[in-house]
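Below is one structure, written out as structure tokens; the observations come after it.
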Amino acid sequence: MLQAHKAQQEAERAERLKAGKPWADTGKVFTKKDGSWVHPETFSDVFREILATTDLPPINLRDLRHGAAALVKAGGGDLHDAKVKLRHSTIVLTSDTYMELFEEYEDELTERAAAVVPRAGKATEQPGE
């Protein structure tokens, strides 16, 4: 669907430029008809309108990002994987936002890592030694 949207956007861009109309090359996937930036609240408004037509629980658009982070964790990913998937600019942003979600995963990882470290057992004396 995104590829089809991008193709449509490119066609609109070409038509506008051919007609001598301006095109704002923002590099964004979702733009106004002239390519200019769309305020994020516009997407939230549309999302709320769509949600109102369903019997889904009330969530906001931002919750979908949190859900995506939870899916990364559930799939065995770590904070870096979440950073990449959510396209955060720094791991600090991901950590500040989602560390609580990943703490359980980190604890499990630490326990698994500790389990593979060989342990020296107490030397037992053999009778007659």
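Okay, residues lined up against (1) hydrophobic (A, V, I, L, M, F, W, C); (2) touching a residue at least 12 places away in the same chain (Cβ under 8 Å):
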| residue | (1), (2) |
| --- | --- |
| Thr26 | no, no |
| Val29 | yes, yes |
| Ala52 | yes, no |
| Pro57 | no, no |
| Asp63 | no, no |
Kindly indicate whether any position in the stretch 14-23 is in contact (Cβ under 8 Å) with a residue 12 or more places away in the chain and under 19 Å from Leu2 (Cβ atoms).
no
Pick out the one residue from Leu64, Leu79 that is among the hydrophobic types (A, V, I, L, M, F, W, C), loosely packed, with under 12 Cβ neighbours inside 10 Å, touching a helix residue (DSSP H, G or I) at 6+ places or on another chain (Cβ under 9 Å) and at pLDDT below 90.
Leu64
So which of Leu93, Leu101 ends up being under 25 Å from Glu41 (Cβ atoms) and hydrophobic (A, V, I, L, M, F, W, C)?
Leu93
Exactly one of (1) part of a helix (DSSP H, G or I); (2) touching a Lys or Arg at 6+ places or on another chain (Cβ under 7 Å); (3) loosely packed, with under 13 Cβ neighbours inside 10 Å is unmet by Glu15. Its number?
(2)
Which condition does His88 not pass, out of (1) under 30 Å from Trp23 (Cα atoms); (2) in a helix (DSSP H, G or I); (3) in contact with a helix residue (DSSP H, G or I) (Cβ under 8 Å, 6 or more places away or on another chain), if it passes all the others?
(2)
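Counting only residues that are surrounded by 11 or more Cβ atoms within 10 Å (Cβ to Cβ) and either part of a helix (DSSP H, G or I) or hydroxyl-bearing (Ser, Thr, Tyr) (or both), how many does the stretch 51-61 have? If you could, list the steps in order and put the result at the bottom.
Initial filter on the stretch 51-61 (surrounded by 11 or more Cβ atoms within 10 Å (Cβ to Cβ)): 51, 59-61.
Keeping just the survivors that are either part of a helix (DSSP H, G or I) or hydroxyl-bearing (Ser, Thr, Tyr) (or both) gives 51, 61.
Of the residues in that region, 2 qualify.
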Check whether at least one residue in the stretch 120-127 is at pLDDT below 85, of a type in the set (A, V, I, L, M) and over 17 Å from the mean Cα position of the chain (by Cα), and report yes or no.
yes
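The values are calculated or read from the model by the stated rules, or taken from the named source; none is laboratory data. Since this is a predicted model, take the numbers as computed values, not measurements. So basically every Cβ, Gly included, is an ideal-geometry build from the backbone, and we count neighbours across all protein chains shown.
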